[in-house]
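Taken together, the values in this text are just the output of simple stated rules run on the coordinates, not laboratory data. In this text, all values refer to a predicted model and were calculated from it rather than measured experimentally.
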Amino acid sequence: MTSQQPAKAELRAATMAKRAEDHGKGYDAAAVTRLLEWIGPVKGAVIAGYMPIRTEISPLNAMSALSQDNTLCVPVVQGAGLPLVFHRWFPEAEMIPGAFGASVPKSAEVVTPDIVIVPLVAFDLSRGRLGYGGGFYDRTLEKLRAVNAKLRVVGFAYDAQQVSHVPLEPTDQPLDALITPTRCL
Ligand SMILES: Nc1nc2c(c(=O)[nH]1)N(C=O)[C@@H](CNc1ccc(C(=O)N[C@@H](CCC(=O)O)C(=O)O)cc1)CN2
Ligand SMILES: Nc1ncnc2c1ncn2[C@@H]1O[C@H](COP(=O)(O)OP(=O)(O)OP(=O)(O)O)[C@@H](O)[C@H]1O
């Protein structure tokens with residue numbers, strides 16, 4: 001554990017409670033529209049979304065729309081301390097339970113995304129990001145960026161997940177953009 005971990009744990013618990021207040025209120029649709037705008041008119045791209053868990057905002061409608069002209073995929077945990085891999089996803093894909101409650105495609109076709117929609121617990125106005133604490137996305141984005149300088153990374157969250165300051169560590173990977181139902185940072 002580094003010195004920022006206690007502060008991160010406290011912020012995580014407080015912000016997860018706040019996130020729940022925005023969940024189930026119909027805010028996701030406006031965020032999906034903004035997300036599709038930010039991604040733009042792409043064809044033939046490989047785009048990572050995620051299967052929402054707990055009270056995360058859902059990117060599923062954006063993923064379905066994008067799947068017409070692009071390859072979509074979702075994260076799969078390989079193990080503690082390891083980067084995520086991405087398995088190809090279709091709107092009608094058969095899904096099975098994965099680690100930490102996020103479902104994963106039954107068919108395991110590994111693909112490498114060039115656009116990544118990232119779930120999160122908390123964000124700040126400098127696009128600092130706090131996840132669940134596994135360091136999974138940080139390791140994954142570091143690895144993807146090492147081979148693709150053009151990787152586009154967008155955080156997706158409710159407005160209630162904004163905090164004044166996310167304590168950052170050297171391993172925290174920056175977001176290129178952050179989309180909420182009301183804003184694009
Ligand atoms: N929808 C979704 N899928 C995802 C992620 C994610 O954040 N969201 N992941 C992103 O890495 C990976 C799964 N990793 C996860 C790691 C931990 C927890 C989690 O809930 N951990 C603690 C709570 C956190 C805390 O209190 O400190 C728990 O299990 O109770 C969830 C997902 C891959 N798939
Ligand atoms: N690229 C990396 N290499 C080694 N350790 C890392 C790397 N990225 C993160 N870590 C470690 O993982 C642990 C958890 O990181 P952190 O608290 O930033 O996770 P998080 O951003 O909340 O979670 P996630 O990225 O899974 O959403 C920290 O101890 C951090 O040092």
Please list, in chain and number order, the residues 5+ apart from residue 103 or on another chain whose amide H is under 5 Å from its amide H, with Hs placed from the backbone. 98
Amide H of residue 152: which non-local residues (sequence gap of 5 or more, or other chain) have their own amide H closer than 5 Å, using H built in the peptide plane? 115, 116
³J(HN,Hα), Karplus 6.51/-1.76/1.60, whole Hz, each residue of the range 93-104, x for Gly, Pro: 4, 6, 10, 10, x, x, 5, 6, x, 8, 6, 10
Consider all pairwise Cα distances in the range 5-179 and report the whole-number % of them above 26 Å. 23 percent
So what's the back-of-envelope 222 nm ellipticity for the chain, counting only DSSP H runs of four-plus at -39500 (n - 2.57) apiece and dividing by all residues, rounded to 500? -8500 deg cm²/dmol
Residue-wise HN-Hα coupling along the range 120-135, computed from phi with Karplus coefficients 6.51, -1.76, 1.60 (Hz; x: Gly, Pro): 7, 9, 9, 9, 10, 5, 8, 6, x, 10, 10, x, 7, x, x, x
Taking H placed 1.01 Å from N in the peptide plane, check which residues at least 5 places from residue 124 or on another chain put their amide H under 5 Å from its amide H. 163, 166
